[in-house]
1. Averaged over A:232-239, how many beta carbons belonging to a partner chain fall within 10 Å of each residue's beta carbon?
2. Calculate the mean, over all residues of peptide B:263-273, of how many other protein chain Cβ atoms lie within 10 angstrom of the residue's Cβ.
3. Given R₀ = 25 Å, what would the calculated FRET efficiency be for A:GLU134 paired with B:ASP307, taking r from the Cβ atoms and rounding to 0.05?
4. In nm, what is the difference between 0.36 nm times the number of residues separating A:SER15 and A:ARG236 and their Cα-Cα distance?
5. May I ask for the distance between the Cα centers of segment A:184-254 and segment B:253-295, given as a whole number of Å?
6. At 4 °C and 1.567 mPa s, grab the translational diffusion coefficient of segment A:21-63 from Stokes-Einstein with a Kirkwood Rh over Cα pairs, rounded to a whole number in µm² per second.
7. Looking at segment A:69-157, which GluC sites (Glu not before Pro) are in a loop (DSSP not H, G, I, E or B) and have at most 15 other Cβ atoms within 10 Å?
8. For chain A, what does the helix formula give at 222 nm: sum of -39500 (n - 2.57) over DSSP H segments with n ≥ 4, over the residue count, nearest 500 deg cm²/dmol?
Amino acid sequence: MSDASTATPPLLEVSGLGQRYGGRTVLRDVHFRLPAGRSLGVIGESGAGKSTLARLVMALERPSHGQVRWSGRDVNAMPARERRALRPHVQMVFQDPYGSLDPRWRVGRSIVEPLSALPMTESQRLARLAEVLEAVGLEADAATRFPHQFSGGQRQRLAIARALATRPRLIVADEPLSALDVSVQAQILALLRELQHREGISLVIVSHDLAAVEVLCDEALVLRGGEVVEQGAVERVLGEPRHPYTRDLLAALA
Amino acid sequence: MSAPLLEVRDLHVHLPGVGGARLHALRGIDLSVARGERLALIGESGSGKTLTALAIMGLLPDGATTTGHVALDGRDLLTLDEDAWCGLRGRRVAMVFQEPLTALNPLQRVLAQVMEPIRLHRLAADRSQARDRAMALLARVGLDDRQARAYPHQLSGGQRQRALIAMALAGEPDLLIADEPTTALDARLRVQVLDLLGELVAERGMGLLLISHDLALTARRVDRLQILYGGRVMEQGDAPTLLAQPRHPYTQALWAARPRLGAGRDQPLHPLKGNVPALTQLGEGCPFAPRCPLATARCVDQPPRFDGRIACWEVSP
């Protein structure tokens, strides 16, 4: 990437990242730099280590090797208090929206819940709630309903609204489309791309949907069995894949 | 020409709704599957595709009422009692479900589960013959001896789906119904499983009714397609024709909504606006009318006109 010469550290930098569970290595020696406003697609099949990488980037677990840096600072070396202060800048969207919506809460409460860590008044929180609902294309009165009263696509919009609430600079989305109908996938895809343009948000998208990665990402990284087999600009990785495994993945879609 | 293996005519299903209401969920489905033929029912959540499969299998929920005609090899299925069904389900008609972990027994080795229908329907003389047949089936779907003797949790998602297919084949069915058999799998495995189903249909002369929400994935791997929306068939035809020139506004919108691999980061996206209607919102008119760019007052008031290919007032035949 081209900003190596500037003094600003990248929004996200991962170096020598590896993870072992018990004696088993699930991720090995991952490196990448993601400048603010750019997006990365993590491609691979079940068991490739994609979700482990997502959790490490989110600092939801500690790596056995290497570093994750948010804006130049190692998240696993900083005091917990400092990490908590940075958390609002990094949010996550899951495959199943119930991962971030409590079924017993009215959705408005789930959406503003991440704001409780921030110094905001109640009226500021409600104003932000209205803003993010509008940003994801839902009516303001959605806030008073429960998750089960929405369709799958609407629930994914709600999960994205929650992720947006804190004005994050980075959203990590783990298979955000794969539980949705094809027509709804297109709506969520369009929404995510609009958010990138309008809010300058960076995405790390974990997906086995190569077309979605092409539409949303600048960089791609292909994982297989916990190792990076190929990485680079999306148009290069998907357009002129060098590794046979990437070619295989592309051929399956032909 | 001989009668089709499966014939469904004017199938209507009403489901019980809140406060005694009756919800008209399927509104006159016609379909047929011949031996050796692969038909895909394509639809989004709530389109009625799974309900159609359950109606065919006699597995509708309590309180559902069915009218119309469903016949397997000329035998009326709608009037069968549960005893008669037990000799048929798993034997003449078998089903493969979306999530293999819920369809497989976690406490039993895969091999034993494949042997069960063979024993139940007395398709083998004794236990060892049943075991041999089950092993052969598991080998055919691509599982080796070690995987055959594994418990479901020891297998990957793709291997489990293969085990489930072997189980469905064990009763030597004439008709295989596969409801979203690949949705839980990675893209590459989806293709492999669909190709396997296609090979098995050709080898065994079964009929295949494949249910999917993914038009792009399915279309090149079946003979015919039917596109469902709001409990009606919106468009049908042989797969290459329909794919080359989808004619119904819904099919066109569904097709256009997919991002194209290779079309670049800034390619225009054409998501469908609005939502799939809930059963309670369906009226007598075309279910797609509220989202359709061509809709007129007639489309809202009257059921769509079906010309054998599409159900639409506005697109001329």
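Values in this text are rule-based calculations from the coordinates and carry no lab data. The shown structure was predicted, so the numbers you read here are calculated from the model rather than taken from an experiment. In this analysis, Cβ positions are derived from the backbone assuming ideal geometry, glycine residues included, and neighbour counts consider all displayed protein chains.
1. Partner Cβ neighbours, averaged per residue: 1.
2. Neighbouring Cβ atoms belonging to other protein chains average 5 per residue here.
3. 0.05
4. 77.4 nm
5. Measuring centre to centre over Cα atoms gives 24 Å.
6. 110
7. Here the GluC sites (Glu not before Pro) that fit, given the DSSP loop and packing criteria, are A:GLU139.
8. It lands at -10000 deg cm²/dmol.
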